[in-house]
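Trainee: Quick one: structure below, then a few questions.
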Amino acid sequence: MLFNPRTYDPAQFDDTTRRLLRATVDWFESRGKKALIDTYIDRAWYGDFLEFAAKEGLFAEFLTPSSADPGASGRVAAKRWDTARIAELNEILGFYGLGYWYTWQVTILGLGPVWQSENEAVRARAAKLLTEGHVMAFGLSERTHGADIYSTDMILTPDGEGGFTATGSKYYIGNGNVAGLVSVFGRRSDVEGPEGYVFFAADSRHEAYHLVKNVVNAQMYVSEFRLEDYPVRAEDVLHTGKAAFDAALNTVNVGKFNLCTASIGICEHAMYEAVTHAHNRVLYGRKVTEFPHVRRELTDAYARLVAMKLFSDRAVDYFRSASPEDRRYLLFNPMTKMKVTTEGEKVIDLMWDVIAAKGFEADTYFDKAARDIRGLPKLEGTVHVNLALILKFMANYLFNPADYPAVPTRLDATDDTFLFHQGPARGLGAIRFHDWRTAYDAHAHVPNVARFREQADGLCTLLATHAPDAAQQQDLDFLLEIGQLFALVVYGHLVLEQAELTGVDADLLDGIFDFLVRDFSAHATELHGKSSTSEAQAAWALAHLRRPVADAERAERIWQQVAALSGAYEMQP
């Protein structure tokens, strides 16, 4: 179930994709663990990785839509924007370190407004820069306002010749030190409201572009930069008015999806280290992994990691199958940003409880993973932002299903063109979903799936009979706990769909729903304790606490899968 560089063969992809993925793995493995760790500790810029990526054409192949590739002409190996292979590379780069993933991730964000634009000159410029090996940046966030794009202080003043001069600062901008193209969001000085928004292309090498500093103490470069009377020609403008606002949000839809698979890669590498260490360590005359609490924590971590992979892989299919008539991906996107990444934190914490002091040692990957895994749920903003977004979908998802054609596994070598034609960023509450109960019904024979289904049905009962009142609907602290319960239902849904498609064994599926039952009970307990929870809602919460169905033989079989990870991979020195 886990990525292993020793045995990795991405046979599901075309020849060009396989070659590039395998070449990336080989580059990191031949470079070795010492170089990986030393450059992290020294906070050394990853120029050698970017040189490799430029030489191989890695970013250009994976991040250029075929519509911007003059050499496409229907070739299977044409440059294309293919979410399946992008997700695969996310996982690989996360496996070797957050910094390597980060420079790739913010390049994706920087390209979002470009590939959504009808400005052919900038599109051609971006494609050429990618071919030359450049990275990109996404100039949205600001020090005072964060990602509150309503309040941007990047001001564009008309120059009287059809263009503008831009003045203002941006903050938390990855690759801002070297980006060949920076997509910058601002507003016109002479136009009020949404019609004044502008997205434009800037160049970090321009004399009016001033790099201030790296705002983080890390290998990655997360910049503050300032534009002083930066000349913005008409041909540099990507979007104006409401279209610029939509481009910002739609870019986040495309780009921040990558957080989930990076988290998976980080957890996988850390798990090999943790299991190998624990399984070969003897304390008090016993192997560490013979202690029941150690087995429980490692088994739980493994089940959670597998669930992260199952959910994320299935979400890719919905992204690739999206259309104006099927926007279900807009729920699964904040789920990956919030739920999968916070599960990554839990996986690391469970393993850290086992390996204890070892997790602090400088010559391990684990201590880097323990630090970096925290950033992923927070890169998008905060967990509560995505939970609040998830709530917009809850009524239609739970109570108002619609018929859709079945979504297959999407590994076809085609462009995901809709992602750059998403349209206005509104109407989320009107999006319909296929019936979540179907996947649960198909797995009702799995004991803990059936147990969790009781809780999911109970959530529907709560919302139908004791829905949040007017005051509670203004209480975000209360609503976020409802959101956590709802998120578990959605999470289990896609896990079940992907398990069916990939043949995950019933033991492991039962183990996954073991922790989902426990997590639902934990959030129900939190809801019970909220000061604004009514007596009826509190009674519901207590009535829906459940114990997972215990099965010692099943637990032992899952443990054997975990134990098999011991020695299965270790990075070369």
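The values are calculated or read from the model by the stated rules, or taken from the named source; none is laboratory data. In this text, all values refer to a predicted model and were calculated from it rather than measured experimentally. All Cβ positions, glycine included, derive from the backbone under ideal geometry; neighbour counts span all protein chains shown. Ligands, DNA and RNA are stripped out before the accessible areas are found, and what is left, the full protein with its side chains, is counted by its heavy atoms. Shrake-Rupley method; radii C 1.70, N 1.55, O 1.52, S 1.80 Å.
Trainee: Could you rank Arg451, Arg296, Arg80 by how accessible they are, 1.4 Å probe, largest area first?
Mentor: Values: Arg451 65, Arg296 140, Arg80 10 Å².
Ranked list, largest accessible area first: Arg296, Arg451, Arg80.
Trainee: Using 0.36 nm times the number of residues separating Asp551 and Arg374, minus their current alpha carbon distance, what extension gain do you get? Each step should come with its number before you reach the end.
Mentor: On the way: separation 177, 0.36 × 177 = 63.72 nm, distance 3.29 nm.
Additional length available on full extension: 60.4 nm.
Trainee: So, one more: Using a probe radius of 1.4 Å on heavy atoms only, what accessible surface per residue do you get for the chain? Whole Å² is fine. Don't skip to the end; give the middle numbers.
Mentor: Details: 21940 Å² over 573 residues.
Roughly 38 Å² per residue, with all protein chains present.
Trainee: Using a ≥ b ≥ c from the Cα gyration tensor of the range 199-256 (square roots of the eigenvalues), is it rounded, prolate or oblate, where a/c under 1.5 gives rounded and otherwise the larger of a/b and b/c decides, a/b for prolate? Can you show the working numbers first?
Mentor: Details: a/c = 2.91, a/b = 1.20, b/c = 2.43.
The shape class here is oblate.
Trainee: While we're here: I'd like the carbon and sulfur percentage of the solvent accessible area for the range 277-371, probe radius 1.4 Å, heavy atoms only, ligands and nucleic acids excluded.
Mentor: On the way: 1730 of 3290 Å².
Ligands and nucleic acids excluded, carbon and sulfur reach 53 percent.
Trainee: Okay, moving on. Under the definition of Cα pairs under 8 Å and six or more residues apart, what whole-number percent is the relative contact order of the chain?
Mentor: Details: 955 pairs, mean separation 85.6, N = 573.
Over the chain, the number comes to 15 percent.
Trainee: Against the longest alpha carbon principal axis of the chain, how many degrees, from 0 to 90 and to the nearest 10, is the axis of helix 47-56 turned?
Mentor: Computed tilt is about 80 degrees.
Trainee: Checking the a/c ratio against 1.5 first, then a/b against b/c, what shape does the Cα gyration tensor give for the range 59-176?
Mentor: Details: a/c = 2.70, a/b = 1.34, b/c = 2.02.
The shape class here is oblate.
Trainee: Could I ask something else about it? Taking 60 Å as R0, compute the FRET efficiency from the Cβ-Cβ separation of Ala444 and Val212 and round it to 0.05. If you can, show how the numbers build up before the last one.
Mentor: Numbers: r = 58 Å, r/R0 = 0.97.
Calculated transfer efficiency: 0.55.
Trainee: Still on this structure, I have one more. Given 0.36 nm per residue, what is the gain on full extension from Glu118 to Asp15 after removing their alpha carbon distance, in nm? Walk me through the numbers before you get to the answer.
Mentor: Details: separation 103, 0.36 × 103 = 37.08 nm, distance 3.13 nm.
Roughly 34.0 nm would be gained on extension.
Trainee: Which of rounded, prolate or oblate describes the range 411-555 when judged by the alpha-carbon gyration tensor and an a/c cut-off of 1.5?
Mentor: Values: a/c = 2.44, a/b = 1.09, b/c = 2.25.
In terms of gyration-tensor shape, oblate.
Trainee: A follow-up question, please. Mind checking which of Ile558, Leu109, Asn90 is farthest towards the positive end of the chain's charge dipole, using Cβ charges of +1 (Lys, Arg) and -1 (Asp, Glu) about the Cα centre?
Mentor: Ile558
Trainee: Leaving ligands, DNA and RNA out of it, report the carbon-plus-sulfur percent of the accessible area of the range 377-454 at a 1.4 Å probe.
Mentor: Values: 2250 of 3760 Å².
That fraction is 60 percent.
Trainee: Given the -39500 (n - 2.57) contribution per DSSP H run of 4+ residues, what per-residue ellipticity at 222 nm results for the chain, rounded to the nearest 500 deg cm²/dmol?
Mentor: Calculated at 222 nm, the ellipticity per residue is -16500 deg cm²/dmol.
Trainee: Now, a different point. At 1.4 Å probe size, what's the solvent-accessible area of Glu235? Round to the nearest 10 Å².
Mentor: So the heavy atoms of Glu235 present about 90 Å² to solvent.
Trainee: I'd like the Karplus ³J(HN,Hα) series for the range 485-501: coefficients 6.51, -1.76, 1.60, θ = phi - 60°, whole numbers in Hz, and an x wherever there's a Gly or Pro.
Mentor: For the range 485-501, the Karplus curve yields 5, 5, 4, 5, 5, 5, 4, x, 4, 6, 4, 5, 4, 6, 4, 5, 6 Hz.
Trainee: Over the range 147-274, what relative contact order in percent results from Cα pairs under 8 Å that are six or more residues apart?
Mentor: Values: 225 pairs, mean separation 33.0, N = 128.
Reported relative contact order: 26 percent.
Trainee: Using θ = phi - 60° and the Karplus relation 6.51 cos²θ - 1.76 cosθ + 1.60, list the HN-Hα couplings for the range 331-337 in order, rounded to whole Hz, with x at every Gly or Pro.
Mentor: Couplings: 7, 5, 5, x, 4, 5, 5 Hz.
Trainee: So how tilted is helix 292-320 from the main axis of the chain? Cα-based, degrees 0 to 90, rounded to 10.
Mentor: It works out to around 40 degrees.
Trainee: Take the alpha-carbon centre of the range 1-63, take the same for the range 221-273, and report the distance between them in whole Å.
Mentor: Each part reduced to its Cα centre gives a spacing of 21 Å.
Trainee: Taking all pairs of distinct Cα atoms, average 1/r, flip it, and tell me the Kirkwood hydrodynamic radius of the range 373-446 in Å to one decimal place. Walk me through the numbers on the way to the answer.
Mentor: Values: mean 1/r = 0.0635 Å⁻¹.
Taking every pair of different Cα atoms in the range 373-446, averaging 1/r and inverting gives 15.8 Å.
Trainee: Still on this structure, please answer the following. Assign unit charges at the C-beta atoms only (+1 for Lys and Arg, -1 for Asp and Glu), then state the dipole size of the range 466-573 relative to its Cα centre in Debye, rounded to the nearest 20.
Mentor: Numbers: 6 positive and 17 negative charges, 32 e Å.
Roughly 160 debye, rounded to the nearest 20.
Trainee: Calculate the all-directions average of the projected area of the range 174-330's alpha-carbon convex hull, and give it in nm².
Mentor: Mean projected area for the range 174-330: 14.4 nm², to one decimal.
Trainee: Let me ask you something else. Excluding residues on the same chain fewer than 8 positions from Lys170, give the lysines whose Cα lies under 19 Å from its Cα.
Mentor: Lys213, Lys256, Lys378
Trainee: Could you give the size of the charge dipole of the chain about its Cα centre, using +1 on the Cβ of each K and R and -1 on the Cβ of each D and E, expressed in debye and rounded to the nearest 20?
Mentor: Numbers: 58 positive and 77 negative charges, 136 e Å.
Roughly 660 debye, rounded to the nearest 20.
Trainee: Next up: Which residues does the label zone of Asp457 cover in the range 536-560, counting backbone N under 14 Å from a point 7 Å along Cα→Cβ?
Mentor: 544
Trainee: Once both axes come from the Cα atoms, what is the angle between helix 83-96 and the longest principal axis of the chain, in degrees from 0 to 90, rounded to 10?
Mentor: 80
Trainee: For the range 251-322, what is the relative contact order in percent, using Cα pairs closer than 8 Å and at least 6 residues apart in sequence? Numbers along the way, then the final one.
Mentor: Values: 23 pairs, mean separation 23.0, N = 72.
Here the relative contact order equals 32 percent.
Trainee: Using alpha-carbon positions, what is the distance between the centroids of the range 434-466 and the range 474-543, in Å?
Mentor: 10
Trainee: Using the Cα atoms of the chain to build a convex hull, what is its mean projected area in square nanometres?
Mentor: Numbers: hull surface 105.3 nm².
That works out to 26.3 nm².
Trainee: Near Lys34, which lysines are there with a Cα under 20 Å away, not counting those fewer than 8 places off in the same chain?
Mentor: Lys358, Lys368
Trainee: Just for the chain, what percent of DSSP beta bridges are antiparallel, to the closest 5? Can you show the working numbers first?
Mentor: Working: 30 of 36 bridges.
That works out to approximately 85 percent antiparallel.
Trainee: Would you mind telling me the share, in percent, of accessible area of the range 200-245 contributed by carbon and sulfur at probe 1.4 angstrom? Let's see the in-between values first.
Mentor: On the way: 1030 of 2140 Å².
Percent of accessible area from carbon and sulfur atoms in the range 200-245: 48.
Trainee: Hey, can you rank 398-405, 436-443, 260-267 by average C-beta count inside 10 Å, highest first? Present the calculation step by step, with values, prior to reporting the outcome.
Mentor: Details: 398-405: 12.0, 436-443: 17.0, 260-267: 29.9.
My ranking of the peptides, most packed first, is 260-267, 436-443, 398-405.
Trainee: Tabulate in residue order the Karplus-calculated ³J(HN,Hα) for the range 165-171, using 6.51 cos²θ - 1.76 cosθ + 1.60 with θ = phi - 60°, rounded to whole Hz; enter x for Gly and Pro.
Mentor: Whole-Hz 3J(HN,Hα) from phi for the range 165-171: 10, 10, 9, x, 10, 10, 9.
Trainee: Follow-up question, since we're still on this one. For a protection proxy built on the mean count of beta-carbon atoms within 10 angstrom, sort 53-65, 357-369 highest first, please.
Mentor: Values: 53-65: 20.8, 357-369: 17.2.
Those peptides, ordered most packed to least, come out 53-65, 357-369.
Trainee: Answer with one residue from Asn217, Tyr230, Tyr197: the one whose Cα lies farthest towards the positive end of the charge dipole of the chain, charges on Cβ with Lys, Arg +1 and Asp, Glu -1.
Mentor: Of Asn217, Tyr230, Tyr197, it is Asn217.
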